[in-house]
1. Please tell me if A:SER109 is buried (at least 22 other Cβ atoms within 10 Å of the Cβ), modelled with pLDDT of 95 or more, in contact with an Asp or Glu (Cβ under 9 Å, 6 or more places away or on another chain) and hydroxyl-bearing (Ser, Thr, Tyr).
2. Restricting to helices (runs of 4 or more DSSP H) lying wholly in region A:25-114: which have 1 or more residues that are more than 14 Å from chain B (Cβ to nearest Cβ) and over 12 Å from the mean Cα position of the chain (by Cα)?
3. Within region B:71-187, considering only helices (runs of 4 or more DSSP H) that don't extend past its boundaries, which have at least 2 residues that are within 14 Å of another protein chain (Cβ to nearest Cβ) and not β-branched (Val, Ile, Thr)?
4. Among the listed residues B:ASP163, B:ASP176, B:ASP150, B:ASP140, which satisfies the condition of being more than 29 Å from A:LEU117 (Cβ to Cβ), within 18 Å of the chain's Cα centre (by Cα) and modelled with pLDDT of 95 or more?
5. Of everything in region A:1-29, what is touching an Asp or Glu at 6+ places or on another chain (Cβ under 7 Å), over 20 Å from A:LYS62 (Cβ atoms) and either among the aromatic types (Phe, Trp, Tyr) or surrounded by 20 or more Cβ atoms within 10 Å (Cβ to Cβ) (or both)? Give them in sequence order.
6. Residue check: is A:THR129 touching a Gly at 6+ places or on another chain (Cβ under 9 Å), in contact (Cβ under 8 Å) with a residue 12 or more places away in the chain and more than 8 Å from every other protein chain (Cβ to nearest Cβ)?
7. Would a scan of region A:134-148 turn up a residue that is out of contact with any strand residue (DSSP E or B) (no Cβ under 8 Å at 6 or more places or on another chain), within 12 Å of chain B (Cβ to nearest Cβ) and part of a helix (DSSP H, G or I)?
8. Can we say B:MET1 is within 14 Å of another protein chain (Cβ to nearest Cβ) and either assigned to a helix (DSSP H, G or I) or surrounded by fewer than 20 Cβ atoms within 10 Å (Cβ to Cβ) (or both)?
Amino acid sequence: MERFEGIKHLANHIQNELLVSNLGPTSNELWQTGHKDNFFYTYGAMGLVSSVALGMAISTDKKVIAFDGDGALVMNMGTISTIGRHQPKNLITIVWDNEEWGQTGHQPSHTSAGTDLEEVAKSCSIPKTATVQSLENLEEIFLRALNEDGPWFIVAKVKEPTDKGPYVAPIEPEMTTFRVRNFINK
Amino acid sequence: MKRFDISKIVVESVNENIPIISNLGPTSRELRSIKHRTRNLYQYGSMGLCSSVAFGIALNTDTKVISLDGDGAVIMNMGGLATIGRHQPTNLIVIIYDNEEWGQTAHMPSHTSAGTNLANVSKSCGIDKSFLVKTIEEFDLIFKKALTEDGPYSIVAKIEQGDGPKSPSVYEPEFDLLSFRNTYIQK
């Protein structure tokens, strides 16, 4: 499965939830699938997607979804431990795991060499975890996560696209913050 | 069991040329009061980086390298475990003192008091020889094994809160680093 397809499939189901996406291609691809005001694209804050989502989750009743990446998460693995500690029922973390740092020259990441992020999440007492390889399984588990208490931690194994990804989305960080805040306060 | 007693076992079980890298604060101060060796490298301020520094040294030496880390520090830089799991330095022994709190900063309970099991995290990062020990006897057994067998090892030692006898904390990082480095320079 490619990340872009996965993002398209999941974004269809997101209506009233909040979605926080990892910097780079994940945010670009999310933008291309059709912008919504409840999408919070992060910039530069590599590794902090799930932490931002955790902060949102403990301050709202809405479901909050994080689109994280393996390379980013390995930079800030302690956040998994923080999620496990606080047990936010409304948080769903999706890790797009392509086993590499795709943006910076396709260096293989730690998940290609021994680290199993789902096992790490289990070790940090996150109760609902899964690793999925196919679109069908991803969609199925995501729909379950939307309706069942979490925290959820879902590793989606993706392959890096061979062609160049979509163009860089024209997203302004200040506008993103403004839109998402308005969406929450509506 | 107490951190001081385990550090004592560590110091007494290894010969003079094995580097021991110790976490900042009481871990370093206790180690120094047990025995100051030129191959002790006390960390200052670099919280979370003790095992990363030890890992770097392990890649550049053939002897065993021992890291005396702490739970609060490891959680600050958990990715360090993933890097160790990836590179599999056979000569690295990471000992994580787990008192389930940030003792130095007013005893705030740490994540290991609330769900996180660092031995399992180590295992999930590909460090197959990961253990959680609760008694001195258990520690002694696994540590002696770790000294003779290939690692990397991650040994999480559940310890009591509180400190043992400590040396004063006023010593000079630059000087310690210099004397540590000098032991590696052939004269």
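The values are calculated or read from the model by the stated rules, or taken from the named source; none is laboratory data. Keep in mind that what you see is a predicted model, and the values were worked out from it rather than measured. Cβ atoms come from the backbone with ideal geometry, glycine included; neighbour counts cover every protein chain shown.
1. Numbers: buried (at least 22 other Cβ atoms within 10 Å of the Cβ): yes; modelled with pLDDT of 95 or more: yes; in contact with an Asp or Glu (Cβ under 9 Å, 6 or more places away or on another chain): yes; hydroxyl-bearing (Ser, Thr, Tyr): yes.
Considered against the rule, which asks whether it is buried (at least 22 other Cβ atoms within 10 Å of the Cβ), modelled with pLDDT of 95 or more, in contact with an Asp or Glu (Cβ under 9 Å, 6 or more places away or on another chain) and hydroxyl-bearing (Ser, Thr, Tyr), A:SER109 comes out as yes.
2. Working: elements: A:25-32, A:49-57, A:70-75, A:78-86.
By residue number, A:25-32, A:49-57.
3. Values: elements: B:71-76, B:79-87, B:118-124, B:136-148, B:173-182.
The helices (runs of 4 or more DSSP H) meeting that bar are B:71-76, B:79-87, B:118-124.
4. Values: B:ASP163 fails: modelled with pLDDT of 95 or more; B:ASP176 fails: modelled with pLDDT of 95 or more; B:ASP150 fails: more than 29 Å from A:LEU117 (Cβ to Cβ).
Within the list B:ASP163, B:ASP176, B:ASP150, B:ASP140, the selection yields B:ASP140.
5. A:ARG3, A:PHE4
6. Numbers: touching a Gly at 6+ places or on another chain (Cβ under 9 Å): no; in contact (Cβ under 8 Å) with a residue 12 or more places away in the chain: yes; more than 8 Å from every other protein chain (Cβ to nearest Cβ): yes.
Against the criterion (touching a Gly at 6+ places or on another chain (Cβ under 9 Å), in contact (Cβ under 8 Å) with a residue 12 or more places away in the chain and more than 8 Å from every other protein chain (Cβ to nearest Cβ)), A:THR129 does not qualify.
7. Checked region A:134-148: no residue is out of contact with any strand residue (DSSP E or B) (no Cβ under 8 Å at 6 or more places or on another chain), within 12 Å of chain B (Cβ to nearest Cβ) and part of a helix (DSSP H, G or I).
8. Values: within 14 Å of another protein chain (Cβ to nearest Cβ): no; either assigned to a helix (DSSP H, G or I) or surrounded by fewer than 20 Cβ atoms within 10 Å (Cβ to Cβ) (or both): yes.
Criteria not met by B:MET1.
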